[in-house]
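Every number in this text was worked out from the coordinates using simple rules, so none of it is lab data. Computed from a predicted model, the values in this text were never measured in an experiment. With ideal geometry, Cβ positions are generated from the backbone for all residues, glycine too; neighbour counts draw on all protein chains shown.
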Amino acid sequence: MHGMHGGPEQEDSGDPLASALRALPQVQRLLETPEAAALLARLPRPAVVDALRAAVDAARADLQAGIGGPPSPASIVARAAQMLDSADPPGLRRVLNATGIVLHTNLGRAPLAAEALQAIAEASGYANLEYVLETGTRGPRAPAIEALLCRLTGAQAALAMNNCAAAMLLALSALAAGGEVLVSRGELIEIGGGFRIPDVIQQGGARLVEVGTTNKTRLGDYAAAVTPATRVILKVHPSNYRMVGFTAEADLPSLAALARERGLLLVQDLGSGAMQDLRSVGRPHEPTPADSIAAGADVVAFSGDKLLGGPQAGLLVGSEAAIAPMRRHPLLRALRLDKLSLAALEATLRLHQDPARAFARVPALHMLAQSDATLHARAQRLADRLRPPVTADIVASTAYAGGGTLPASDIPSVAVALTVPGASADDLARRLRLHRPAVVGRVGGGRVLLDVFTLDDADVPVVADAVLAALT
Ligand SMILES: *Cc1c(COP(=O)(O)O)cnc(C)c1O
């Protein structure tokens, strides 16, 4: 073309746009840059090629619109990387929990013990999931878990499945379908995430019969409501709230006696499932499955990832007569746990056999047992690692067990309060959330608060590096 249109000076300097467009690198050349190699190391080649092509097209459009100068190859690759990262929602990432909420449902509830991680690694290949090593034949699925649950709770029989909601669905489907379930009006609760007791009863094919009033339900209210269709008395632990004031409820032993007398089953949805006595570390008492079994409950349901401190799971313990129909129920097949969760659950239950070991090794319990001195020292070490322009003050904070457990108990804690001149707390909090690893704290009083209750000592340098990288 240039031969037809004029002299050399026109080609060199007369049309900078055309030469900039011609100078745009080809996708093939971009693929050879070290920046693209980094992308290729973590993403499939076709996706990287597509993004590079799109980034070159965008750079061409910018040049034609007069936006900016000629882009470097590195900046085009960076643009492609941005397109790739914003194309999909972020995947599961590590989060450093600085909220002070131990069983934070949105952050995955209980962090697992090192022993549970080790067990997951061992089971991740082939494992004797349903196989008897002694005889080389097919066997029951993870029988050790049922034996451990029986030993820990004093129950005759046990079953493990996906979560406590699934456990309640199975229990009511197997024990009450076509019949009536008596529940106190004070216990018709929603646990969160749309888990409502009346809905689960209906889904289980049973009819809900409300007894008593919102604030007072007596044994006589249950007794008066029993009909020939009644199958189950359901007692629900008010996990995520407390009733205070003019209240009354029937206790488990008297409900158990009533159930026996009338040929009914007493089922308790305990939820939080504390396996250890939390009073031993200065926290309020949370009823244990062993308490419920001793009080005469036929079936107790609880979660694996609340105060048990294990993987997501729903556990049922109770009498052989009550558990047997659930073991045979077709729903169990649909609700069963995978081998990785079973491995983590078994390892966690083994730790609970020794209370001292449980409080030392199960992270959620270890956190609940922390002393004020530990928290202050951790906050001080975090604050000492931060430097201008970040200012860090040590302030009093409040931690919570979370996950609908110990609802009425605020736990005194310590936080590091962050400010950076010229930046709002909301902006700082967002930058920390988007950092890798993400740091999730709270915003309060115009500052970002990092509660150290839910951080491990080993997390402190990681959090400090993340704060400095994200905020400076
Ligand atoms: C948390 C809770 C549930 C739900 O447990 P998941 O394991 O999350 O399904 C059910 N009932 C009670 C009383 C709870 O506290």
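Hey, can you rank 111-120, 329-338 by average C-beta count inside 10 Å, highest first?
In decreasing order of mean packing, 111-120, 329-338 become 111-120, 329-338.
If you rank Lys216, Lys339 by fewest surrounding Cβ atoms within 10 Å, what's the result?
Least crowded to most crowded, the residues run Lys216, Lys339.
Let me see the pair-distance distribution of the chain: every alpha carbon pair, 10 Å bin width, integer percents in order.
Going from the shortest bin to the longest, the percentages are 4, 16, 21, 19, 16, 11, 6, 4, 2, 1, 0.
Given C-alpha coordinates of segment 86-227, what is the ratio Rg to Rh with the Kirkwood estimate of Rh?
In segment 86-227, Rg relative to Rh is 1.07.
To the nearest 20 debye, what charge dipole does segment 212-315 have about its Cα centre, counting +1 at the Cβ of each Lys and Arg and -1 at the Cβ of each Asp and Glu?
So the dipole magnitude of segment 212-315 works out to roughly 160 debye.
Per DSSP helix of 4 or more residues, -39500 (n - 2.57); summed, then divided by the residues of the chain. What does that give at 222 nm, rounded to the nearest 500?
-12500 deg cm²/dmol
Taking θ = phi - 60°, what integer Hz values does the Karplus form 6.51 cos²θ - 1.76 cosθ + 1.60 yield along segment 199-211, in sequence order, with x for Gly and Pro?
Karplus-based 3J(HN,Hα) across segment 199-211 equals 5, 5, 5, 5, 4, x, x, 10, 9, 7, 10, 7, 10 Hz.
Using the crude model of +1 on Lys and Arg Cβ and -1 on Asp and Glu Cβ, and no other charge, please compute the dipole size for the chain relative to its Cα centre, in debye to 20.
It comes to approximately 740 debye.
For the chain, with the dipole built from +1 on Lys and Arg beta-carbon atoms and -1 on Asp and Glu ones, taken about the Cα centre, which of Thr153, Met243, Ala20 lies farthest toward the positive end?
Thr153
Between helix 372-385 and the chain, what is the angle of the helix's C-alpha long axis to the longest principal axis, kept within 0 to 90° and rounded to the nearest 10?
Helix 372-385 sits at roughly 0 degrees to that axis.
For Ala206, which sequence-distant residues (separation of 5 or more, or a different chain) have an amide H within less than 5 Å of its own amide H, given hydrogens modelled in the peptide plane?
Under 5 Å from the amide H of Ala206 lie the amide H atoms of Gly178, each far enough along the sequence or on another chain.
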